[in-house]
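Could you have a look at this structure, given as structure tokens, before my questions?
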Amino acid sequence: MEKQQFKAESKRLLDLMINSIYTHREIFLREILSNASDAIDKLAYTALTDDKVGIDRDQFAITITRDEEGRTLTVSDNGIGMTKEEMEENLGTIAKSGSLGFKQAMEKNEDIDIIGQFGVGFYSAFMVASSITVISKKYGEDTAWKWVSDGADGYTIEETTKEGPGTDVIMTLKADTEDEKYSDYLQEYEIRSLVRKYSDYIRYPIRMEVTKSRPVEDKKEEGAEDSEENASPKYESYQEMETLNSMVPIWQRNKKDVTDEEYEIFYRDKFFDYNKPLRIIHSSAEGAVSFKALLFIPGKAPYDFYTKDFKRGLQLYSSGVMIMENCEDLLPEHFRFVRGVVDSQDLSLNISREMLQHNRQLTIIARNIEKKIKSELKSMLENDRESYEKFFEVFGRQLKYGTVADYGAHKDACQDLLLYYSHKQGKLVSLKEYVEAMPEGQEKIYFAPGESRERSAKLPQVETLDKKGYDVLLFTEDVDEFVPQTLMTYMEKSFCNVSSEDLGLQTEEEKKQAEQKAEEMKGLLTFVKETLGDQVKEVRFSENLGSHPVCMTPEGGMSFEMEKYMKRANPEFALSVGRILELNADHEAVKALQAAMTEDPVKAKDYAQLLCYQAQLMAELPLEDPYAYTELVCKLMK
Ligand code: ADP
């Protein structure tokens, strides 16, 4: 029979597996058992709606058979089985669900240590087996198929016979070496402990024939004397099928009986994330709708998290039967990073997936889950700042999106969870912390948008506020500015964009004085405006410039950062924000300009243009003609 070749990447993985270090090898059993369990899940789900399946729920089982002489270990299930095509597709390729993360880590050349941590699937059996035979019959088909492979050089498939639907995975263990006794995996004790360790929660019984012993019943021969020998009871050993796993899914167990390690192993296996979760929420609700939820806040974002490909959702079980792999309706978009399972006996088993969407119970569960996640994050923010900041670094952007999405419909869930960088404190603070630290007299929440914290910190307005002892939040992400626009106020304080809005620092008296001064120096403003023409919308004085001579301020509510963002996001429809040139009347440079107006009007025009360039540079606005700028500087230096 002609050998079929594995796909290229599968081959590489296979090589890795075959040569993996021994500590990881034992996970092969977990992988094979969880495949068996998945296969039963599929048939069990079919059975819910299809009477023809003809298997009672309690007949589903996984059987492990040891053959010490033949050196084979067999895992059999009575699940859905595979067709010939499915065998080729599933067992000949590695780029399948669980293995994907592994493949990616492999491409990044991460340590081989990852083997123990991933759901690496069927292939892991080659860590212990020199040859694997898979015999499978798909539910509803008449023909069974036999797939055989010795590892790297490919596989064969041929027709065979098998009684019911399901799959047998027959592993011929490698010969023992000095370092590794593969035959250990044929030992009853070893298998029992591996099942307990990794697969205890599998919901179908994992059965194996085990050796037991019992006292031999005394069959006293008539007339025989009681001898010494007969006094101590005799034992005989016998074989009996035993269920090795407790079958209680981890979320059904009592929180206090589950160890952190068990939670972590479960998380890793189920969600293929080898990073420890940051938080684990295990909750049980009774009431209008009863349910159990086991939720995880990951420590890292999946590679596709901020893309359209990422699917949010929780696994949904109804009385222990998985009815949906990814139930989106259980998880709001702003908490889409959460992974986990929900199990409720109040959901009808035969509910169609479409019907679920409008299901009242589901809505109640979803609301409850949203609250749980929010309060968990809040408690982390308040009590475990270090972890929270780690979390925020990864998923903070999602919470900001959540705050602004749907015109702020979800702001209550998100706004208290936001962190921004505080200029004054030099660290991240929540909005609440910012407001609570506001000194007397400060009325607004000040924020400065900019490309980097360093740049924003240098804004003249920030300097001015700093002198007054007022803190400024430094915004650096595109989405940041939408937050104040959506919230309008926080704890009754309004937001103020320092680079585009009035800082509100002047008293009525000061305002009047400023107006008067502007009136007196009106000639200067007119001169500069006329000189600059269309380059600016308006020229005015500002009291907020501190030690700086000029500043470019956007007209209206939109900042220059927002303008840039819009241009990137949608170049065709982007609008330009009007530029307003603000002058500091007390600054030497501005005074020099005023003096030049009468002494040397040509020079005064050059000064006006130079100040305009400076303002643009400081606002991080690109100069339309950098050459004109350098020529001007050189001209003035001569
Ligand atoms: P994963 O389980 O992560 O998808 P595997 O390499 O373990 O990756 O398995 C690949 C596929 O082979 C499975 O998704 C499943 O479709 C199929 N498969 C494996 N074992 C069985 C089984 N015992 N019964 C039915 N299908 C199976």
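The values are calculated or read from the model by the stated rules, or taken from the named source; none is laboratory data. Only a predicted model underlies this, so the values are computations on that prediction, with no experimental measurement involved. We place every Cβ from the backbone using ideal geometry, glycine too, and count neighbours over all the protein chains shown.
Which residue out of SER213, SER199 is of a type in the set (Gly, Ala, Ser) and either out of contact with any helix residue (DSSP H, G or I) (no Cβ under 8 Å at 6 or more places or on another chain) or at pLDDT 85 or above (or both)?
Values: SER199 fails: either out of contact with any helix residue (DSSP H, G or I) (no Cβ under 8 Å at 6 or more places or on another chain) or at pLDDT 85 or above (or both).
None of the others qualify; the one that does is SER213.
Please verify whether region 563-575 includes one or more residues that are more than 47 Å from the chain's Cα centre (by Cα), at negative phi, surrounded by 15 or more Cβ atoms within 10 Å (Cβ to Cβ) and touching a residue at least 60 places away in the same chain (Cβ under 8 Å).
Checked region 563-575: no residue is more than 47 Å from the chain's Cα centre (by Cα), at negative phi, surrounded by 15 or more Cβ atoms within 10 Å (Cβ to Cβ) and touching a residue at least 60 places away in the same chain (Cβ under 8 Å).
Continuing with this model, one more query. State all residues of region 159-192 that are part of a helix (DSSP H, G or I) and more than 27 Å from ILE80 (Cα to Cα); if no residue qualifies, say none.
TYR182, SER183, ASP184, GLU188, TYR189, GLU190
Moving on. Looking at region 72-88, which of the residues that are near the ligand (Cβ under 8 Å from one of its atoms) and out of contact with any strand residue (DSSP E or B) (no Cβ under 7 Å at 6 or more places or on another chain) is modelled with the highest pLDDT?
Selected residue: ILE80.
Report, ordered by the first and then the second residue, all pairs with beta carbons closer than 7 Å, sequence separation of six or more or different chains, a first member in region 80-91 that is farther than 19 Å from LYS52 by Cα and without any contact (Cβ under 8 Å) to a residue 60 or more places away in the chain, and a second member that is among the aliphatic types (A, V, I, L, M) and near the ligand (Cβ under 6 Å from one of its atoms).
Close Cβ pairs (under 7 Å, with a partner that is among the aliphatic types (A, V, I, L, M) and near the ligand (Cβ under 6 Å from one of its atoms)) amount to ASN90/MET82.
LEU100 - would you say it is within 16 Å of the ligand (Cβ to nearest atom), at pLDDT 65 or above and among the hydrophobic types (A, V, I, L, M, F, W, C)?
Taking the combined requirement at face value, the residue does not satisfy it.
Here's something else I'd like to know. Can you tell me which residue is nearest to the ligand (Cβ to nearest atom) among those in region 44-71 that are within 21 Å of GLU240 (Cβ to Cβ) and among the polar types (S, T, N, Q)?
By that ranking, first place goes to THR63.
Scan region 610-638 residue by residue and report those that are exposed (fewer than 14 other Cβ atoms within 10 Å of the Cβ) and in contact (Cβ under 8 Å) with a residue 12 or more places away in the chain.
Those that are exposed (fewer than 14 other Cβ atoms within 10 Å of the Cβ) and in contact (Cβ under 8 Å) with a residue 12 or more places away in the chain: VAL633, LYS635, LEU636.
Within the set of pairs 6 or more residues apart or between chains, which connect a residue that is farther than 15 Å from ASN254 by Cβ and assigned to a helix (DSSP H, G or I) inside region 267-295 to a residue that is modelled with pLDDT under 90 and acidic (Asp, Glu) with Cβ atoms less than 8 Å apart?
Filtered contacts from region 267-295: TYR267/ASP273.
THR464 versus (1) touching a strand residue (DSSP E or B) at 6+ places or on another chain (Cβ under 8 Å); (2) touching a residue at least 60 places away in the same chain (Cβ under 8 Å): which is the lone unmet condition?
So THR464 meets the others, but not (1).
Are any of the residues in region 141-158 in a loop (DSSP other than H, G, I, E, B), surrounded by 15 or more Cβ atoms within 10 Å (Cβ to Cβ), more than 10 Å from the ligand (Cβ to nearest atom) and modelled with pLDDT of 95 or more?
no
Residue check, GLU178 against (1) away from the ligand (no atom under 15 Å from the Cβ); (2) surrounded by 14 or more Cβ atoms within 10 Å (Cβ to Cβ), all met but one. Which one?
(2)
State all residues of region 504-560 that are polar (S, T, N, Q) and under 26 Å from PRO484 (Cα atoms); if no residue qualifies, say none.
GLN506, THR507, SER542, ASN544, THR553, SER559
So which residues in region 259-280 are among the β-branched types (Val, Ile, Thr) and buried (at least 18 other Cβ atoms within 10 Å of the Cβ)?
ILE265, ILE280 - these are the residues of region 259-280 that are among the β-branched types (Val, Ile, Thr) and buried (at least 18 other Cβ atoms within 10 Å of the Cβ).
Okay, next question. All but one of (1) closer than 25 Å to MET247 by Cβ; (2) without any contact (Cβ under 8 Å) to a residue 60 or more places away in the chain hold for ILE191; which doesn't?
(2)
Does GLN252 satisfy the criteria of being over 26 Å from THR363 (Cα atoms), touching a residue at least 12 places away in the same chain (Cβ under 8 Å) and among the polar types (S, T, N, Q)?
no
OK, next. So is LEU377 over 17 Å from the mean Cα position of the chain (by Cα) and in a helix (DSSP H, G or I) or not? Give the derivation first.
Numbers: over 17 Å from the mean Cα position of the chain (by Cα): no; in a helix (DSSP H, G or I): yes.
Spelling it out, it is not the case that LEU377 is over 17 Å from the mean Cα position of the chain (by Cα) and in a helix (DSSP H, G or I).
Residues LYS378, LYS444, LYS427, LYS371: which one is free of Cβ contacts under 8 Å to residues at least 40 places away in the same chain and closer than 30 Å to GLU620 by Cα?
Unique residue meeting the criteria: LYS427.
Any chance region 472-486 includes a residue that's without any contact (Cβ under 8 Å) to a residue 24 or more places away in the chain, farther than 27 Å from VAL550 by Cβ and among the polar types (S, T, N, Q)?
As a first pass, look at region 472-486 and keep what is without any contact (Cβ under 8 Å) to a residue 24 or more places away in the chain: none.
The answer is no; no qualifying residue exists.
Related question: Could you list all residues from region 47-59 that are at pLDDT below 85 and among the polar types (S, T, N, Q)?
THR49
Also, quick follow-up: How many residues, within region 289-319, are at pLDDT below 90, of a type in the set (Phe, Trp, Tyr) and within 19 Å of TYR267 (Cα to Cα)?
The qualifying residues number 4.
Something else now. Between a first residue in region 334-349 that is farther than 15 Å from LYS372 by Cβ and a second residue that is assigned to a helix (DSSP H, G or I) and modelled with pLDDT under 95, which pairs have beta carbons less than 6 Å apart while being 6 or more apart in sequence or on different chains?
Here the result reads ASP346/GLN361; LEU347/GLN361; LEU349/LEU48, each pair linking region 334-349 to a residue that is assigned to a helix (DSSP H, G or I) and modelled with pLDDT under 95.
Limited to region 452-486, what total is found for residues that are closer than 17 Å to MET562 by Cα and either assigned to a helix (DSSP H, G or I) or among the β-branched types (Val, Ile, Thr) (or both)?
The number of residues fulfilling the criteria is 13.
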